[in-house]
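One structure below.
Every read-out reported here was derived from the displayed coordinates using simple, explicitly stated rules and does not represent laboratory data. Here the structure is a predicted model, which is why all the values come from computation and not from measurement. Here Cβ is always computed from backbone atoms with ideal geometry, including for glycine, and neighbour counts include all displayed protein chains.
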Ligand code: UTP
């Protein structure tokens, strides 16, 4: 089965960016002139995916408006030199189909993914957390994961080595290299946010996944953790125990734009790359 849909969980509160995220969704915060979510949609498009399934929540209506025509604005700019500012987003809207569902209670990433089930159905799909911004030139992280998926037909997560004192911020994997590979691991275990002394490795899961649809049944049977959240790591751990999860050390640069430092780094990096500074 081909990967045709990409799910974007975008219902989180973004508390680390308050008060900016009080009325503006975190996924709509801009890096230079584009909102974070647009970078994610561009990455999915570059991987040949045109069906964007977005999990939103209360107060996130700006997301839907961004990926729709803006008739009055377009009329106003039509025929002027400013028309070009809308060209890129109009092209994205033309190429893609957007579907939405609201997560009614923010019960964690696993719950957000489960909320997306009606938009995805019974097929493998990609997941992009837009607050992890991944810069790419030719091949985005999702394209890289799809290559692995097409070969092995199981769930694939993108991983990155992080400093040992940072493991408590991530889902961490333990695994063994797949034959003849220097970057693909068969995952044996996944642990959510282990501290430095209890972590099996420094290989952290970042916000890019390919998931097989049995993940939905697994998620339905998972109990909330001590914070009342349903964790995707726990569902993936069940798949991993069945030998059905690979982890891929992706090529490229990632910025954690859910944190202020990462957001600043991404802004500086892209400003330099595009010659603004
Ligand atoms: P985060 O862990 O970054 O949480 O979510 P957050 O609420 O967005 O931000 P902070 O920690 O309060 O600052 C990771 C991803 O999962 C989505 C978020 O939108 C983000 O893309 N998410 C998280 C949901 O869609 N629903 C949830 O209930 C939780």
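Counting only DSSP beta bridges whose two residues both lie in the chain, roughly 60 percent are antiparallel. Each DSSP beta bridge with both residues in the stretch 1-141 is either parallel or antiparallel, and the antiparallel ones are about 15%. Among 3-15, 137-149, sorting by the average number of other beta carbon atoms lying within 10 angstrom of each residue, highest first, gives 3-15, 137-149.
Using the count of nearby Cβ atoms within 10 Å as a rough guide to exposure, how do 188, 267 rank from fewest to most?
With the fewest neighbours first, 188, 267 line up as 188, 267.
Once both labels are modelled 7 Å past Cα along the beta-carbon direction, what's the residue 106-residue 259 spacing in nm? With each label point 7 Å from Cα toward Cβ, the separation is 1.9 nm.
Starting with the fewest neighbours, write out 66, 111 ranked by other beta-carbon atoms found within 10 Å of each beta-carbon. Please report the intermediate quantities before stating the final value.
On the way: 66 20, 111 23.
With the sparsest Cβ surroundings first, the list reads 66, 111.
Over the stretch 84-183, the hull volume per residue, using the convex hull of the C-alpha atoms, is 190 Å³.
Can you tell me, using C-alpha contacts under 8 Å and at least 6 residues apart, the relative contact order of the stretch 6-139 as a whole percent?
Result for the stretch 6-139 is 41 percent.
Sorting the segments 20-29, 70-79 by their residues' average number of neighbouring beta-carbon atoms within 10 angstrom, most packed first, yields 20-29, 70-79. The C-alpha atoms of the chain define a longest principal axis, and helix 36-46 lies at about 80 degrees to it. Based only on Cα atoms, what Rg/Rh ratio does the stretch 205-277 have, Rh being taken as Kirkwood's radius? Dividing the radius of gyration by the Kirkwood radius yields 1.13.
Quick check on the chain: what are the equivalent-ellipsoid semi-axes from the Cα gyration tensor, as sqrt(5λ), descending, whole Å? Display every interim value, and only then the final one.
Details: eigenvalues 188, 82, 76 Å².
Largest first, the chain gives 31, 20, 19 Å.
Put simply, when 167-179, 92-104 are sorted by average Cβ atoms within 10 angstrom per residue, most first, you get 167-179, 92-104.
When all alpha carbon pairs of the stretch 39-135 are counted in 10 Å bins from zero, the resulting P(r) reads 13, 41, 32, 11, 2 %. Between the stretch 6-45 and the stretch 227-277, the alpha-carbon centres lie 14 Å apart. With 5 Å bins beginning at zero, the pair-distance distribution over Cα atoms of the stretch 137-277 amounts to 2, 9, 17, 20, 20, 15, 10, 5, 2, 0, 0 %. Note on the chain: helix-only mean residue ellipticity at 222 nm, from DSSP H runs of 4+ residues weighted -39500 (n - 2.57) and normalised by residue number, equals -8500 deg cm²/dmol.
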